[in-house]
Amino acid sequence: MERSYSLFLSLLLLNLYLLEATGIKTDQSALLALKASFTLNSSHPLTQNWSSQSYVCDWIGVTCGSLHHRVTALNISNMNILGTISPHLGNISFLVSLDVSENNLRGNLPQDLSRLRRLKVMDFAFNNFSGEIPMWFGFNSKLETLNLRNNLIQGSIPKEIGNLENLKELILFGNQFTGSIPLSIFNISSLEILGLSSNQLSGSLPVDICRRLQRIKSIAIINNHLSGHIPPGLSNCTELSELSLSYNNFIGTIPPEIVNLERLQLLNLGGNKLHGGGD
């Protein structure tokens, strides 16, 4: 009986080892495919470091988990990388954090990234990505940070973003988004930062904007085409420290209720058609 148990335990450990070895090999292949989609000169840090001759968890910008020994984070920000994002990146199934910001990356965001079901942080800021935000972004239920700031992304913001029930930061500054802000975004109760400045968004803000946004700390929608009145209901966003709505087409009065925002540190309403609060 004891011998059978020992044999079973040995086989189990062997299977776990084989699964782990296969998994990390998959991660390595995905990252080498990503490297192949870049244009790197011979002196670039990734040129020699990312090699099949070395252990992937020792590569620059790569972090592996201590339990499963799989790649959990990739940070290659600000490395002067030219190129595109390989669809093979979607094979790194244990990835939690992905930061490729401040490079010269271009092209569309591959649909294969939708397979990264554990992803919490996606930072693609300050690149040259184009196309539209794919609808599948809204089906990554664990995503907490989505940063696409300063790219060339256009079209409307998909309403499916409102499905991101754990989203804390939605940062879309400096793109070419058009249309109205989906009402579903104002239903994300976990949202803390909403950054939509320097786009071409139109429409108005919902009257009950703070009904679900109880944790919101920053609303920045400067330099767009929003219109209508500034909702008095903003005074119900009790955690709000920044309210920046400058250079839109808002009309009417500045809601006097704003003085009730005890945590407010920054208020930008210039460049609209507003006048003082009512009596």
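The values are calculated or read from the model by the stated rules, or taken from the named source; none is laboratory data. As the structure is a prediction and not an experimental result, all values here were calculated from the model. Cβ coordinates were reconstructed from backbone atoms using ideal geometry, including for glycine residues, and neighbour counts include every protein chain displayed. Quick note on the areas: whole protein, heavy atoms, side chains included, nothing else; ligands and nucleic acids left out. Shrake-Rupley method; radii C 1.70, N 1.55, O 1.52, S 1.80 Å.
A few points about this structure:
- Breaking point among (1) modelled with pLDDT under 95; (2) out of contact with any Gly (no Cβ under 9 Å at 6 or more places or on another chain); (3) surrounded by fewer than 21 Cβ atoms within 10 Å (Cβ to Cβ), for N140: (3)
- So T238, is it hydroxyl-bearing (S, T, Y) and touching a Ser or Thr at 6+ places or on another chain (Cβ under 7 Å): no
- Filtered residue count, region 153-185, keeping only those that are among the hydrophobic types (A, V, I, L, M, F, W, C) and touching an Asp or Glu at 6+ places or on another chain (Cβ under 8 Å): 2
- Pick from region 265-279, criterion at pLDDT below 90 and out of contact with any helix residue (DSSP H, G or I) (no Cβ under 6 Å at 6 or more places or on another chain), ranking: farthest from Y247 (Cα to Cα): D279
- Screening region 221-279 for residues that are among the charged types (D, E, K, R) and in a loop (DSSP other than H, G, I, E, B) and picking the one that is surrounded by the fewest Cβ atoms within 10 Å (Cβ to Cβ) gives D279.
- Residues of region 99-131 classified as open to solvent by 50 Å² or more (accessible area, probe 1.4 Å), under 14 Å from the mean Cα position of the chain (by Cα) and either at pLDDT below 95 or small (G, A, S) (or both), total: 1
Let's see how each residue does on (1) surrounded by fewer than 16 Cβ atoms within 10 Å (Cβ to Cβ); (2) not charged (D, E, K, R):
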site: T178; (1), (2): yes, yes
site: L183; (1), (2): yes, yes
site: I188; (1), (2): no, yes
site: I193; (1), (2): no, yes
site: S197; (1), (2): no, yes
site: L201; (1), (2): no, yes
site: V207; (1), (2): yes, yes
site: R211; (1), (2): yes, no
site: I216; (1), (2): no, yes
